[in-house]
Amino acid sequence: MSSEKEILALEDKRFAAMIGGDWKTVQGLAHDQLLYTHSSAITDTKATWLESMTSGKTKYRSASFTDRKVRMIGDAALVTGAAAIEAEINGQPRSLRLKFLNVWTKTPEGWKFVAWQSTSQPQ
């Protein structure tokens, strides 16, 4: 499997785990140095990001993607694209339309998700 296909498969696995509440898989895919910057400009660490989902504060309902591209640069994979995410945040339903950049890094334990940055698209 090419690295690009491997990264997209990991992306799909991560979102399926986030939607399905498989926190062990989510935690295993996330790098200890994860920085997750939401479209609201709030930045979570691995611990605070996982806590927001495991506590039920953030519930991901569905996610679909378009224009995903993977660029391999050394031991990093940069993924860009557009996302349509249905979520519930603090009990309020949200329809998120985002452009995103996320980064995976190759570690001795395999690829780990290390960064997410998203920006809202105009509705």
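For segment 107-123, filtering for residues that are in contact (Cβ under 8 Å) with a residue 60 or more places away in the chain and in contact with a Leu (Cβ under 9 Å, 6 or more places away or on another chain) leaves 10. In segment 92-106, the residues that are of a type in the set (Ser, Thr, Tyr) form Cβ pairs under 9 Å with partners that are surrounded by fewer than 15 Cβ atoms within 10 Å (Cβ to Cβ), at six or more places apart or across chains, as follows: SER95/ALA84; SER95/GLN123; THR105/GLN33; THR105/ASP75; THR105/ALA76. The conditions of being modelled with pLDDT of 95 or more and among the β-branched types (Val, Ile, Thr) are not met by ILE42. Taken over segment 70-91, the residue count meeting the criterion of being touching a residue at least 24 places away in the same chain (Cβ under 8 Å) and small (Gly, Ala, Ser) is 5.
Taken over segment 32-74, the criterion of being surrounded by fewer than 17 Cβ atoms within 10 Å (Cβ to Cβ) and hydrophobic (A, V, I, L, M, F, W, C) is satisfied by LEU35, ALA41, ILE42, ALA47, MET72, ILE73. Taken over segment 22-44, the residue count meeting the criterion of being without any contact (Cβ under 8 Å) to a residue 24 or more places away in the chain and farther than 21 Å from ASP75 by Cα is 8.
One residue stands out in segment 1-16 among those that are more than 13 Å from LYS112 (Cα to Cα) and within 10 Å of the chain's Cα centre (by Cα): the one that is surrounded by the most Cβ atoms within 10 Å (Cβ to Cβ), namely PHE15.
I'm checking my understanding of the structure. Among residues of segment 17-31 that are in contact with a Ser or Thr (Cβ under 8 Å, 6 or more places away or on another chain) and surrounded by fewer than 18 Cβ atoms within 10 Å (Cβ to Cβ), which one is farthest from GLY110 (Cα to Cα)? First the steps, then the outcome.
Within segment 17-31, the first condition is being in contact with a Ser or Thr (Cβ under 8 Å, 6 or more places away or on another chain), and the residues that meet it are 17, 19, 23, 31.
Okay, now just the ones that are also surrounded by fewer than 18 Cβ atoms within 10 Å (Cβ to Cβ), so 19, 23, 31.
Numbers: ILE19: 23, TRP23: 18, HIS31: 10 Å.
Among residues in segment 17-31 that are in contact with a Ser or Thr (Cβ under 8 Å, 6 or more places away or on another chain) and surrounded by fewer than 18 Cβ atoms within 10 Å (Cβ to Cβ), the one farthest from GLY110 (Cα to Cα) is ILE19.
The values are calculated or read from the model by the stated rules, or taken from the named source; none is laboratory data. Keep in mind that what you see is a predicted model, and the values were worked out from it rather than measured. No Cβ is skipped: glycine too gets one built from the backbone with ideal geometry, and neighbour counts run over all protein chains shown.
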